[in-house]
Amino acid sequence: MVLLKIDDLKVHYPIRGGVFKTISDYIRAVDGVSFELKEGETYGLVGESGSGKSTIGKAILKLINMTSGRIVFNGQDLSKFSFGQMKPFRQDIQMIFQDPYSSLNPRKRVADIIAEPLRNYQCLTVGEEKKCVQNYLDKVGLNPDSMYKYPHEFSGGQRQRIGIARALTLKPKLIIADEPVSALDVSVQAQVLNFLQDLQKEFKLTYLFIGHDLGVIRHMCDKIGVMYRGRLVEEGISEEIYENPQHIYTKRLIAAIPELNPERRAQKTELRKKIAKEYEQLYPEYFDEHGRAYDLKSISNTHRVAMP
Amino acid sequence: MEKPILQIENLTTSFKIKEKYYPAVDHVSFSVFENEIVAVVGESGCGKSALALSIMRLHNHQRTKIEGEIKYKERDLVDFSERQMNQVRGKEIGIIFQEPLTALNPLMTVGDQIEENLTFHTKLSKEKRRLRTIELLTQVGIPYPTRTYDQFPHELSGGMRQRVMISIAIACNPSLVIADEPTTALDVTIQVQILELLKSIQKDTKMGIILITHDLSVVAEVADRIIVMYAGQVVEIGTVKQIFANPLHPYTRSLLKSIPSQVTNKKRLHVIDGMVPSIVNMNRERCRFSPRIPWISRNAHEESPDLHEVAPEHLVRCTCYKHFYFKGS
Amino acid sequence: MWKFILRRFLVMIPQLFLLSVIVFALAKQMPGDALTGVSMDPRISPERLYELREKAGLNDPWYEQYRRWISGIAQGDFGKSYTHKIPVSEVIAERIWNTVFLALITLILTYLLAIPMGIASGRFNDTWIDKVVTGYNYLGFATPIFIFALIMLFVFGFSLGWFPTGGSVDSKVDAGTFAYYLSKLHHVILPALSTALIATVGTVQYLRNEIIDNKYKDYARTARSKGIPETQIYTRHIFRNSLLPIAAFLGYEITGLVGGTVIIETIFSYPGVGQLFVSSIGLRDFSVVTAIVMMLGFATLLGTLLSDIILSVVDPRIRIE
Amino acid sequence: MKADAVKNVQLADRSPSGIKIIWQEIKKDRLALGSFYFLLIFLASVYIASFMIDQKAIARVDIFSIYLMPSDAHLLGTDYAGRDILGQLIFGTSNSFTISLCITILTALMGLCAGLIAGYFGGIVDNVIMRVIDFIMSLPSTMMIIVFVTVVPKFTVTNFIFIMSIFLWTGKARLIRSKTLAERELEYVQASQTLGTPHWKIILYHILPNISSVIIVNFTLNLAGNIGLETALTFLGFGLPESTPSLGTLISYARNPDVLENKWWIWLPAAAIILVLMLSINFIGHALKRSADARQRRG
């Protein structure tokens, strides 16, 4: 079943210039993106900085105003709601943020941080609330006693887990994870990723996983959308994207993944050279005269590529 | 065997925290040879950046104590005066920082910032300096060097800025370049280009490179030898093949296993329990990694193991690595 | 950059308009108008007065009066002073150069004091020199200019007699001679110094923080990694980057001085615009008051404009859009 | 990684209870602590004294004791109308302090409202508020206040406070706006939005506590500044009406060169009180500033 459907989403920012600050052009942060999330799956949005991947996540939650398009969640069109009207739907869509340091209010205790959504939506007694907070702390592997501590008493990984617990309290259906591990060290990152996978099973969550690390994305996601300059250039299940990339940009991105086996360095360098050449030669075939990627075309049931 | 460019012996860098000195880099020894890339790997707080700054002696002098030997071409930099040090910095040893935007002066043109290096270390005329700067910009792959010369850092993209940083570091043909997380702030595709660039420059100049990074995959791409650091100490040194094919120290092995590899999908990742000990509350008497290996009995550890050779060029700070096994491996 | 400056100029037009409307409204609120003197005359009948008012346009709707008033100002006609019996522009013209001179000397002294102090305490922070400067800053922050000026006047003017206690020039010297200019300087030093010693504090503090900030920045570390000696790092990088915002403060400094002239000129009986302003209010000579507010308001607007322009010129991040 | 570490330290420094830290910081700074106790005792005694003394007796003109030197009868002498200077000092201090406090509170409230709203919502709201602030800031405020004071039909203390506040809230609003803008960029604000917390709650319960230290510092320093400004205006004759004596009133007698030169007891004590008041408030303010700014924090 389709849980979230994004249809031709556009987020444009005006560029003002000239003496009178008139709008001379737009930055097309997201420029006509459409995709679907099925219930229970993990959809990965991958791209380089400025590709618009984070903007999509924020536009779904109305943290950023969208210019046009439709966002249909569970059959409800969210795009026509205002920030305030979104409130009932926020229970079902939650977000995990990138920076474990700034995403927790330094002046609030962990208990208050995790209970914030509960206080907005449910009227619990003090005892119930405490029980609930402790329960979720336990779920993300933190000591229930830590609810009386302040965020600065925790390490980056622990803070990120607090953020996850906070997102879980309303029992959401969809979690938008915006680069949840990119600020963490490898070993801590592994821990958080494991938790995300465990929780997905336990709560039947659907993830929209936004990231730039192709290794992490492949590890986590069932389906992947590759973004470039505000457009989706390719979409497919993990194997298709990684083993059989079709768009020239995807190819280049995949080739850029560092090779963990030092024995194969020379091969990899050769491959990258080849792809770089190909990229230059074939660029006009994959992008129109404005450097904009074409619309997606299906080449198999699951695989879509931006081609003319 | 040839002489190393840089030979570090028992280097200890301590920071003053509340009137007491705590070593962030603890008795580190290694050497760097010509035409070699030595990667220093570790997670945040392991002392790798402190190590980089110690070699250049760029720390805040009032709060830092550097002990041990930093032998650069037979001369010990630790004993150098600031004045002598200034003859080494920029001329003999160059450094590339992580964040190219903040590392460049926002109010100075790119050209002037590169030229500065030449002004202080060469006797070139103004015109010659300009030509050399443009040559450098070309060398680091900047498409329009003469135009970029007069541009300010904020007008360039992240990758271009890092290229400028590199050209500053190599302006005087140093024999050693320290690259402190040079690609962390960059996108993958740009990261590849910068690493390729470093390698190609090395090919031409035969300089030694110390690559400081937290990213094992970057190491696998370019390094010749690897130094793994944990809590201020070196826990394992070896060639890239040794470390990746046969990692011995449990920390190295855990790190490698926790990378979400590109082959295993949806499998659980390996997790190291516990936390990196803080510089202040660290038990320096015991093996520093032992608290994080719960499935090994405590007495299996030697109190404070030394770094010892297990194969040619392969050193490990662990006596009981043979007893370790990992679930699923 | 040109676009920025042009836009900045355009922004000033509505500001100027608003300023003039406010000043005009205030002027209308002020008791008495051009005919107040006449209306006191018992020989003039109310009918005659009405006629006079009609003729002077005082019964027109406010926008009509405003239009006439503003077009007069545009031509340099501020009306007639009721106490001095000459055009306001002439009254002000007599004084304006004194004020400009005082402001100029104050500005120079402020920067002469601020830059070395700020640099010294920022460069050598946490040494004795920094502590001395910081201590001075504490005192300066806590001392209102008018009290400090009074004490200065009391000590150096009255008790020691080193400086004159009023006026802008010795009446015995001939205009245009060297002695005349010397005397002018002599009169201006004490008020200027009193202001500068206090006004400098903000700039010192700002400069100090800016230097301390800059010296731990990454780009300073990069400069050190090039092997540049520490002193050169300061001259080539840190001072430059820290002084540029200070330069941009010049305009705001002027704005601040405009407010200060009112107090300082009154205390030192210095015949400038500020003193004229205070005495005119006392004498209820509102055409002069209106003119001064309008003029100095214009000056402050120009000051902020100047600051914005300087900032856009010196900072390449704004200069190149 | 490095940048994160630094950020971590900065955020960690904003530890939970601001007031505790503030108090610790003041305690560490002997000068500030001394100033604090001094202010407490001094102001308490001034306010108590002003309740006990009969104001009418002080204001009574006594032509037989004009310009008396300090003596047993008049500890600090008398003024041109034979009024006791000490009594006037007590009323002046309490008046000046109360009025400055009122102005500071009023401007703080105005600045908070405007700054928080402009900074949080941004866009057109921000644009409009900032244009207004820019305009008020570009007016010659001292002169405008003077003109307003003379123009206002019924000049009272309340009017004076309002007139001053109109011109003095802008700096605060600007500061609070810039802090709010910076705070708004932090992800915890967005997090609260996604958690369904309404805007006003985010502003009051999340952003405000995080910028409170800045506001407190600014409040303290402004309080000192406003005492200076009020007395200066009164000194010029455009501040408090003479029926409400201020410290500035006493100093304004020094505009007469004879008083300035020969009758120091009239103006000097008032000047000294202003200096001491402003200095001790400033000392506290700077200690607070250090506690708010981790870089400058001692030890």
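Tabulated data for the structure shown
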read-out	value
Residue, modelled with the lowest pLDDT, within segment B:308-319, restricted to residues that are open to solvent by 50 Å² or more (accessible area, probe 1.4 Å) and either under 17 Å from residue B:231 (Cα atoms) or of a type outside the set (A, V, I, L, M) (or both)	B:319
Sole residue being within 26 Å of residue A:250 (Cβ to Cβ), part of a helix (DSSP H, G or I) and within 12 Å of chain B (Cβ to nearest Cβ), chosen from A:158, A:189	A:189
Helices (runs of 4 or more DSSP H) contained in segment D:185-276 and holding at least 3 residues more than 22 Å from residue C:265 (Cβ to Cβ)	D:187-194, D:208-236
Residue C:239 touching a Pro at 6+ places or on another chain (Cβ under 9 Å) and assigned by TED's automatic domain parsing to the domain that holds residue C:158	no
Every residue from segment D:222-263 that is open to solvent by 10 Å² or more (accessible area, probe 1.4 Å), facing chain C (nearest Cβ under 8 Å) and farther than 13 Å from residue C:144 by Cβ	D:237, D:238, D:255, D:257, D:261
Tally, over segment C:75-93, of residues that are assigned to a helix (DSSP H, G or I) and either open to solvent by less than 80 Å² (accessible area, probe 1.4 Å) or in the same structural domain as residue C:254 (by TED's automatic domain parsing) (or both)	5
Helices (runs of 4 or more DSSP H) enclosed by segment C:153-257 - at least 1 residues per element that are open to solvent by less than 50 Å² (accessible area, probe 1.4 Å) and basic (Lys, Arg)	C:178-215, C:218-225
Filtered residues of segment A:120-141 (kept if within 14 Å of chain D (Cβ to nearest Cβ) and of a type in the set (Ser, Thr, Tyr))	A:121, A:136
2 or more residues within 14 Å of another protein chain (Cβ to nearest Cβ): qualifying strands (runs of 3 or more DSSP E) within segment A:227-308	A:231-237
Residue match in segment A:65-88 (condition: of a type in the set (A, V, I, L, M), within 9 Å of chain D (Cβ to nearest Cβ) and touching a strand residue (DSSP E or B) at 6+ places or on another chain (Cβ under 8 Å))	no
Wholly within segment A:42-142, helices (runs of 4 or more DSSP H) carrying at least 3 residues that are surrounded by 22 or more Cβ atoms within 10 Å (Cβ to Cβ)	A:53-60, A:110-121
Residue list for segment C:74-105, filter: of a type in the set (Gly, Ala, Ser) and under 30 Å from residue C:189 (Cα atoms)	C:89, C:93, C:103
Cβ pairs under 8 Å, 6+ apart, first in segment A:34-62 and within 10 Å of another protein chain (Cβ to nearest Cβ), second open to solvent by less than 10 Å² (accessible area, probe 1.4 Å) and assigned to a loop (DSSP other than H, G, I, E, B)	A:42/A:221; A:51/A:230; A:61/A:86; A:62/A:86
Conditions (1) within 14 Å of chain D (Cβ to nearest Cβ); (2) in contact (Cβ under 8 Å) with a residue 24 or more places away in the chain; (3) farther than 25 Å from residue A:200 by Cβ: number failed by residue A:117	(3)
Only one of B:47, B:68 that is in contact with a strand residue (DSSP E or B) (Cβ under 8 Å, 6 or more places away or on another chain), under 29 Å from residue C:229 (Cβ atoms) and open to solvent by 20 Å² or more (accessible area, probe 1.4 Å)	B:68
Tally, over segment C:1-26, of residues that are open to solvent by 80 Å² or more (accessible area, probe 1.4 Å) and either within 14 Å of chain A (Cβ to nearest Cβ) or touching a residue at least 24 places away in the same chain (Cβ under 8 Å) (or both)	5
Residue B:14 vs. criteria surrounded by fewer than 20 Cβ atoms within 10 Å (Cβ to Cβ), among the small types (Gly, Ala, Ser) and in a strand (DSSP E or B)	no
Residue list for segment A:10-25, restricted to those being modelled with pLDDT of 85 or more and out of contact with any Asp or Glu (no Cβ under 9 Å at 6 or more places or on another chain)	A:13
Conditions (1) within 14 Å of chain B (Cβ to nearest Cβ); (2) open to solvent by 10 Å² or more (accessible area, probe 1.4 Å); number of the one not met by residue C:312	(2)
Segment A:161-182, residues that are within 12 Å of chain B (Cβ to nearest Cβ) and either over 21 Å from residue A:57 (Cα atoms) or open to solvent by 20 Å² or more (accessible area, probe 1.4 Å) (or both)	A:182
Restricting segment B:23-68 to residues that are under 16 Å from residue C:221 (Cα atoms) and among the hydroxyl-bearing types (Ser, Thr, Tyr), the residue that is farthest from the chain's Cα centre (by Cα)	B:64
Every pair of residues 6+ apart whose Cβ atoms lie under 8 Å, when the first sits in segment B:50-78 and is touching a residue at least 12 places away in the same chain (Cβ under 8 Å) and of a type in the set (Gly, Ala, Ser) while the second is outside any strand (DSSP E or B) and open to solvent by less than 70 Å² (accessible area, probe 1.4 Å)	B:50/B:59; B:68/B:78
Any helices (runs of 4 or more DSSP H) falling wholly within segment B:150-250 and containing at least 2 residues that are open to solvent by 20 Å² or more (accessible area, probe 1.4 Å)	B:158-170, B:188-205, B:240-245
Residue that is surrounded by the fewest Cβ atoms within 10 Å (Cβ to Cβ), among those in segment D:142-171 that are within 11 Å of another protein chain (Cβ to nearest Cβ) and farther than 16 Å from residue D:237 by Cα	D:153
Given (1) away from every other protein chain (no Cβ under 11 Å); (2) more than 14 Å from the chain's Cα centre (by Cα), number of the condition residue B:221 does not satisfy	(1)
Number of the condition not met by residue B:126 [criteria: (1) within 24 Å of residue B:213 (Cα to Cα); (2) more than 14 Å from chain A (Cβ to nearest Cβ); (3) open to solvent by 10 Å² or more (accessible area, probe 1.4 Å)]	(1)
Scope segment C:221-231; condition at the interface with chain B (Cβ under 8 Å from one of its Cβ atoms) and either farther than 15 Å from residue C:125 by Cβ or out of contact with any Lys or Arg (no Cβ under 9 Å at 6 or more places or on another chain) (or both); matching residues	C:221, C:222, C:223, C:224, C:225, C:226, C:227, C:228, C:229
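To keep it simple, each residue is scored yes or no on (1) in a loop (DSSP other than H, G, I, E, B); (2) farther than 30 Å from residue B:220 by Cβ; (3) among the small types (Gly, Ala, Ser); (4) at pLDDT below 90.
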{"site": "B:43", "(1), (2), (3), (4)": "yes, no, no, yes"}
{"site": "B:94", "(1), (2), (3), (4)": "no, no, yes, no"}
{"site": "B:107", "(1), (2), (3), (4)": "yes, yes, no, yes"}
{"site": "B:115", "(1), (2), (3), (4)": "no, yes, no, no"}
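The values are calculated or read from the model by the stated rules, or taken from the named source; none is laboratory data. Bear in mind the structure is a predicted one, so any value in this text is a computation, not a measurement. Neighbour counts run over all protein chains shown; Cβ positions are idealised from the backbone, glycine included. SASA here: full protein model, heavy atoms, side chains in, ligands and nucleic acids out. Shrake-Rupley method; radii C 1.70, N 1.55, O 1.52, S 1.80 Å.
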